[in-house]
Amino acid sequence: MPDETPRPLRARNADEKKRRRTEILDAAERLWTTASYSELSMSQVAAEARLAKGTLYLYFDTKEELFLALLTSHLQRWSAACITRLREERPRTPDALTEVLLRDHAAAQPLRRLLLLYGSVLERNASQTWIRQAQQLMWQVLRDVVQELPYPPETSARLVMHLYALSVGWHQVAELGPRLQQPHDPLSRVISDSLFEDEFTYALQALLRQLLPQLA
């Protein structure tokens with residue numbers, strides 16, 4: 001039986017357009033939880049958001065633009081939460097800082113997936129205008145986090161770059177793990193999803209213990 005739920009009316013003001021844009025991003029993310037990026041189409045996103053396909057193209061010309069917007073949205077939310085914790089807790093030791101940076105790591109999984117997608121697909125296929133805008137916003141978000149870290153700017157910048165590399169790298173390993181697992185194989189246990197948090201935490205703590213003594 002066809003779905004007879006009426007489509008939303010066309011957005012008429014800035015607030016409605018902002019809400020509609022958020023609904024589109026949410027629809028794309030819901031679909032992405034069960035389908036790969038390559039399998040998704042703009043038609044599917046429009047249907048999930050209860051929009052005509054033409055309306056979707058008023059907000060995003062391509063799937064790459066849509067997912068770049070999704071990436072920057074997740075990055076801004078992560079940055080805001082991270083900055084709040086840094087200001088409230090003011091961590092000073094490697095272990096305390098690791099705990100603050102990695103708290104709620106499960107909630108950041110979509111961001112890590114999007115960062116992987118950015119380097120492998122989006123950066124290559126999106127328009128240069130969208131890429132520049134996304135890069136400018138990403139750098140600003142990272143600068144905001146760097147400014148809140150209780151270390152000299154150069155050390156803080158290095159820390160954030162390492163955090164990015166570790167996040168993407170360990171997420172990629174965790175996603176690869178289930179495809180490589182073999183019964184009773186120690187390597188399979190190490191790269192399983194269940195150990196992602198432990199291994200990621202260990203790697204970041206080891207890094208911070210090397211970086212931070214340089215401040216003495």
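The values are calculated or read from the model by the stated rules, or taken from the named source; none is laboratory data. Please read all numbers here as calculations on a predicted model, not as lab measurements. So basically every Cβ, Gly included, is an ideal-geometry build from the backbone, and we count neighbours across all protein chains shown. Side chains included, ligands, DNA and RNA excluded: accessible areas come from the protein's heavy atoms. Shrake-Rupley method; radii C 1.70, N 1.55, O 1.52, S 1.80 Å.
Key figures
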item	result
Pair list, Cβ < 7 Å and 6+ apart or interchain, from segment 85-99 residues that are at negative phi to residues that are assigned to a loop (DSSP other than H, G, I, E, B) and of a type outside the set (A, V, I, L, M, F, W, C)	85/103; 92/150; 97/91
Positions within segment 94-149 being open to solvent by less than 40 Å² (accessible area, probe 1.4 Å) and in contact with a Lys or Arg (Cβ under 7 Å, 6 or more places away or on another chain), in sequence order	94, 100
Which numbered condition residue 11 fails, given (1) open to solvent by less than 20 Å² (accessible area, probe 1.4 Å); (2) over 28 Å from residue 161 (Cα atoms); (3) at pLDDT 95 or above; (4) not acidic (Asp, Glu)	(3)
Close pairs from segment 106-120: first within 11 Å of residue 71 (Cβ to Cβ), partner modelled with pLDDT under 90 and open to solvent by 30 Å² or more (accessible area, probe 1.4 Å), Cβ under 7 Å, at least 6 apart	116/172
Among (1) among the aliphatic types (A, V, I, L, M); (2) modelled with pLDDT under 80; (3) surrounded by 16 or more Cβ atoms within 10 Å (Cβ to Cβ) - the single one residue 163 does not satisfy	(2)
Lone unmet requirement of (1) in contact with an Asp or Glu (Cβ under 9 Å, 6 or more places away or on another chain); (2) assigned to a helix (DSSP H, G or I); (3) within 30 Å of residue 207 (Cβ to Cβ); (4) open to solvent by less than 30 Å² (accessible area, probe 1.4 Å) for residue 91	(2)
Selection from segment 40-62 of residues that are of a type in the set (D, E, K, R), modelled with pLDDT under 95 and in a helix (DSSP H, G or I)	53
Filtered residue count, segment 131-153, keeping only those that are basic (Lys, Arg) and under 16 Å from residue 68 (Cα atoms)	1
Residue 96 being of a type in the set (A, V, I, L, M, F, W, C) and closer than 30 Å to residue 40 by Cα	no
Residue among 114, 70, 75 that is out of contact with any Leu (no Cβ under 6 Å at 6 or more places or on another chain) and assigned to a helix (DSSP H, G or I)	75
